[in-house]
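One structure is given here, and the rest of the page talks about it.
The values are calculated or read from the model by the stated rules, or taken from the named source; none is laboratory data. This structure is a prediction, so every number in the text was calculated from the model and none was measured. Note that we place each Cβ from the backbone using ideal geometry, even for glycine, and neighbour counts take in every protein chain shown. Areas reflect the complete protein model, heavy atoms only, side chains present, ligands, DNA and RNA absent. Shrake-Rupley method; radii C 1.70, N 1.55, O 1.52, S 1.80 Å.
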Amino acid sequence: MEPPALTVSAAVREHLRKLCLHEFPCGTGSWNKSRFLPQTYRAWRELIPREEDAVGPGEETVDALLGLVCSPHSPWALLEGSSAEDRFLRELAIQNPLMLSDSFFYTYFRSLRVVDKQVSLVDKDVLKFVKLEALVLSANQIQEIDATNLPPALKVLELYGNKMTSMECLCTHPPPRLQHLGLGHNKLLGPLESLYVTSDYWPNLISLDLSFNDLTDLQGMVSGLQTLQRLRLLVLQGNPLALVPCYRGFIIDGLSGLCVLDDITVAPSEKHLFRGLSHSGDLLAHEARLVVTVGHVRGVLDSSVLDPEPGPQGPFITYSYYVTYEFVEDEEGEGDEYGRVLAEIVKPPPSREQLGEDIPKEPIKEAEDSVGSGLASQSQSRELEESGASAPLPRPMDSAEEQAKLRPRLDPRLWPSPGTVLFSTVRKPWSDVIPCNYEMQHVLKDLVRLKAFLLSGTTVTIVEEKEQKGSKKKELRKDLRQDPPVLRVLGSGPVDLEPLLSGEPFVSTVCNFGVVRTLETDRLTLYRDSKKKKSEKAKNAALEARKSKTKLSAASVYESDPLTVEIQIQLIQGHSTEEALRMLVP
């Protein structure tokens, strides 16, 4: 059995009870009883000469009682964040407690703030607050409102963070004097909502906040808002309709009296730039365009230096690196040319114990000191094997049952979240700085789904792909089978995309996954690169290598670049009528 719905008036009564207006030091009692004696008894006491400020034994003065409720160190002090009305009522309950009756409360309150109290019902007792002008009911559980229970003098109504799915219930008997309506962070959905934002219901509305709902009909919304002649402030950001390319310009041109849109002042230059755009509503494309750019990757560990030297017949191992990110699946298949990445099982890097015999015993001068202490201990190699280790990749001839057994051991960072797919950059060989040079435009028509994705954010991952071949020849013998590539996650982390819903034109960040390179691996890389220097240009490079070796010579001052990747997600918006019109046609 469900508990009874909590009403607004019940929440107000509970709040007043917690103020303890009839308990010490407020109200009446032994601490101030002489000030509130019956009139006849007071007249008899007046025959006894005494000072005006005298109080009875064991009683407190008004100033002393006020000090108890006003001092922040008092156990009777109000909680931090209490309203000015709460403080006034506590002081009134000391100075004149006999005034605190139900009739006083119903005529005193001009604003009621009932926030995060699990209220789900606006009851008819709210009408008793005859002078109420502002009603704030944010962060509750309200799904519908009986508008007949709203006081007719109401000017401000805030219902942020509730569970309302439509404005229709408010329009059955809307407060005629309402000037501000706040319905942000609800669940308003559907094209019919534009029918409830007209002057038929809100003739005096000056400010309207419908942010962070699921409204998608931009053209219908502007048509309804055009009837609100007094509307000056409008907030629609966070809705799917705010993601289309011509959103801001379309509203500014359609609502000539608007002064502030999404907390940004509408400049006269904007009205000029978007002149005539609202007349092109028939061409309006209900889609969003976002461009994802992946820049440079830095700080990648060169795993090839940990592999043994191949024999005459191999195995020959190559490494490549790329970046993946999650995104809502495009409806027309954009991104296929880059390949959508499926997860594969991660193998551990080779044990360093296997590499002991493969490190040259006589390194060149520039690296002999650094390579001499280059090998890790056996315990370090075990730690390296245990980090990210799993089983070999399933081969094509493996049965579906065998592959299903391996699935739980997949690295979860190589699988997309539900409702998304992985997009990847082109594979690149190792270098100190790996340029991805990736740019992809995503066109999304399901704006509600796109909004949900932006709220949850994306995940960016740097992947190492290891490929092993038995021969350097392009044509392998038919009796030899080539192992599929092995993927290893070097770094993975979330990117917050909510700023795109809050009006930001792009999100640009450098994902930092910490340092993955070590002094030892950098020494090995330096040694390998030194062996390849054969020309005059190599002598200059050797000089640079000496400088690098100096930096690597002392482990106590060793510092390596962290593993990072640059990424930017931009929401495409037209900045003039001409630009917007070019994007209006699907």
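Here the range 129-226 is assigned +1 on the Cβ of each Lys and Arg and -1 on the Cβ of each Asp and Glu. Its dipole about the Cα centre then comes out at about 280 debye. Heavy-atom surface analysis with a 1.4 Å probe gives the range 86-163 a carbon and sulfur content of 50 percent of its accessible area. In the frame of its principal axes, the range 205-322 has Cα extents of 83, 29, 28 Å, reported largest first. Accessible surface of the range 220-261, 1.4 Å probe: 52 percent of it comes from carbon and sulfur atoms. Applying 1/(1 + (r/R0)^6) with r as the Cβ-Cβ distance of VAL443 and HIS279 and R0 = 25 angstrom yields a FRET efficiency of 0.55. Taking all protein chains into account, the per residue accessible area for the range 237-289 stands at 40 Å² (1.4 Å probe).
With all protein chains kept in place, the per residue accessible area of the range 118-214 amounts to 41 square angstrom at a probe of 1.4 angstrom.
Each Lys and Arg Cβ is given +1 and each Asp and Glu Cβ -1; about its Cα centre, the range 232-303 then shows a dipole of about 140 debye. Under 5 Å between amide hydrogens, built in the peptide plane, is the criterion, and for VAL516 it picks out LEU563 among residues at least 5 positions away or on other chains. Taken along the Cα-to-beta-carbon direction at a fixed 7 Å, the label points for SER417 and HIS286 span 2.5 nm. Full extension of the chain between SER82 and ILE206 gives 41.8 nm of extra length, using 0.36 nm per residue less the Cα-Cα distance.
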